[in-house]
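Undergrad: Here it is, the structure, as structure tokens.
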Amino acid sequence: MASCRLRHGLALLGALVLAACSQVVPRTQGPPPPPPATQQPDVVQGLPTDTERHRVALLVPMTGPNAGVGRSIANATTMALLDTKTERLRVTTYDTGKGAAVAARQAIAEGAKLILGPLTADEVRTVAPLARAAGVPIISYSNDESVAGNGVYLLGYSPEQSVERVIGFARARGLSNFAALVPKGVYGERAGSAFLSKVKAVGGTVVAMETFDRSPASVQAAVKRLGASSSYDALLIADVGRIALQAAPLARAAGGADMRILGTELWNTETGLTASAALRGAWYASVSDGLYRTLANKYRTSYGASPYRLASLGYDAVLLTVRIASDWKPGAVFPVARLGDAEGFAGIDGAFRFNRSGIAERALEVSEIGAGTTSVVDAAPRGFAK
């Protein structure tokens, strides 16, 4: 059961974001164009001079190909600072688009005691040795578990956790024979490994697992190699919604009319899934979208554009820091031990906590695709048992 402090955090979080207007962003919204440049009221450039506040560095790309994502995170960071009305934090943004190492060195030289970001695993590999030498912990938006630990904490969404959640749910609903389609590459390797281990752990049977390179011909060939669909009653399509839209009709046509299709967190903001008859009844696991929809609406009101989905990580990183700031003396090292709080933390994306490896364990929900809409069929837990 979640602690009183976690429940209080959830109540505070709801009060912050529910102050926004009632219009919601559709669940199936895809990646939007980058939001326009906006003056940051509480995310500042240059050397911080307020010694009464904690100096925190935000390392995100504000220029270059990922600038839209970086600006969404930066804007959401500003929103969190304003919503919490905190006077304890001074967040300075540093552009990793001009070089992650340059940004990190400047942040450390200007007195940052905590780094939020960077965005990618490669950037984390560049920044981590510099931060570690200075005794500055990193809370990154990456989900690449290979860079976690030794002062690096990951907030990114884990494909392994999504796969484990949906497989566990399917097994609990009576499905026992599983097949999977996974893309070639790092994501597919991680999803495939999680698939194999989770099916075994819950007493199911892996009938087949095929890989593909995301071309239509390769997807078609992979479905064909799965063999007779009657031999499995659940098919995991561990890729983006675009691939699911291609693969699902092929799998149905092969005789799998009654097969349950399963998906991952990559389906969360994909467009078109609810229009596909072949995906009707499919289940996928992801973070909850309830509070995010309200946040996204408030963001659009403030910035005139829709945020990228990762914007919630920027907001949640601030909530996390604000909670810990009560035990953190300005100018002192960040109390990194607090990140290991077994009770976890409340955020836009639901409850989460860091495990011993520095990876965010998340409370995920399972949704079902219907005709023109999706619905939650198994809600995310509100907290963690110790």
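Bear in mind these aren't lab numbers, they're just calculated from the coordinates by the rules spelled out. Bear in mind that the values here come from a model prediction, so they are computed numbers and not experimental data. Cβ: placed from backbone, ideal geometry, glycine included. Neighbour counts: every protein chain shown.
Undergrad: I need VAL322, VAL91 ordered by Cβ neighbour count within 10 Å, fewest first.
TA: Arranged by neighbour count, lowest to highest, VAL322, VAL91 become VAL322, VAL91.
Undergrad: Cα-Cα pairs above 19 Å in the range 266-361: how many percent?
TA: Within the range 266-361, distances greater than 19 Å cover 56 percent of Cα pairs.
Undergrad: Modelling each spin label as a point 7 Å along the Cα-to-Cβ direction, I'd like the ALA254/GLU52 distance in nm, to one decimal.
TA: Rounded to a tenth, the inter-label distance reads 6.6 nm.
Undergrad: OK, next. Counting residues in the range 159-286 as N, plug N into 2.2 N^0.38 Å and put the Cα Rg over that result.
TA: Compared with the compact-globule rule of thumb, the range 159-286 sits at 0.92.
Undergrad: Limiting things to C-alpha atoms, what are the Rg and the maximum Cα-Cα separation (Dmax) for the range 146-189, in angstroms?
TA: When restricted to Cα atoms, the range 146-189 yields Rg and Dmax of 14.0, 42 Å.
Undergrad: Just for the chain, what percent of DSSP beta bridges are antiparallel, to the closest 5?
TA: 30
Undergrad: Compute the Rg/Rh shape ratio of the range 90-139: radius of gyration over Kirkwood radius, all on alpha-carbon atoms. Kindly include the intermediate steps, with their values, before the conclusion.
TA: Numbers: Rg = 9.4 Å, Rh = 10.5 Å.
Looking at the range 90-139, the ratio lands at 0.90.
Undergrad: Let me ask something additional. Along each of its three principal axes, how wide is the spread of alpha-carbon positions in the range 71-118, in whole angstrom units, largest first?
TA: 31, 23, 11
Undergrad: Rounded to the nearest 0.05, what FRET efficiency is calculated for THR271 and GLU87 with R0 set to 41 Å and r the Cβ-Cβ distance? Present the calculation step by step, with values, prior to reporting the outcome.
TA: Details: r = 41 Å, r/R0 = 1.00.
Calculated value: 0.50.
Undergrad: For LYS85, list the lysines whose Cα falls under 26 Å from its own Cα; do not include residues on the same chain fewer than 8 positions away.
TA: LYS113, LYS298, LYS329
Undergrad: Here's something else I'd like to know. How far is it, in nm, from the label point at ASN150 to the one at ALA332 when both lie 7 Å from their Cα along the line to the Cβ?
TA: Reported label-point gap for ASN150 and ALA332 is 2.8 nm.
Undergrad: Still on this structure: Be a star and scan the range 215-255 for residues whose amide nitrogen sits under 14 Å from the point 7 Å along the Cα-to-Cβ vector of LYS184.
TA: It comes to 215-222, nothing else.
Undergrad: Would you order ILE243, ILE237, ILE348 from fewest to most other beta-carbon atoms within 10 Å of each residue's own beta-carbon?
TA: Least to most surrounded, the residues fall as ILE243, ILE348, ILE237.
Undergrad: To continue, here is another question. How many angstrom lie between the C-alpha centres of the range 136-201 and the range 243-265?
TA: Cα centroid of the range 136-201 versus Cα centroid of the range 243-265: 20 Å apart.
Undergrad: I would also like to ask the following. Expressed as a fraction of 2.2 N^0.38 Å, the rule-of-thumb size for a compact globular protein of N residues, what is the C-alpha radius of gyration of the chain? Walk me through the numbers before you get to the answer.
TA: Numbers: Rg = 21.2 Å, N = 386, 2.2 N^0.38 = 21.2 Å.
Cα Rg divided by the expected 2.2 N^0.38 Å: 1.00.
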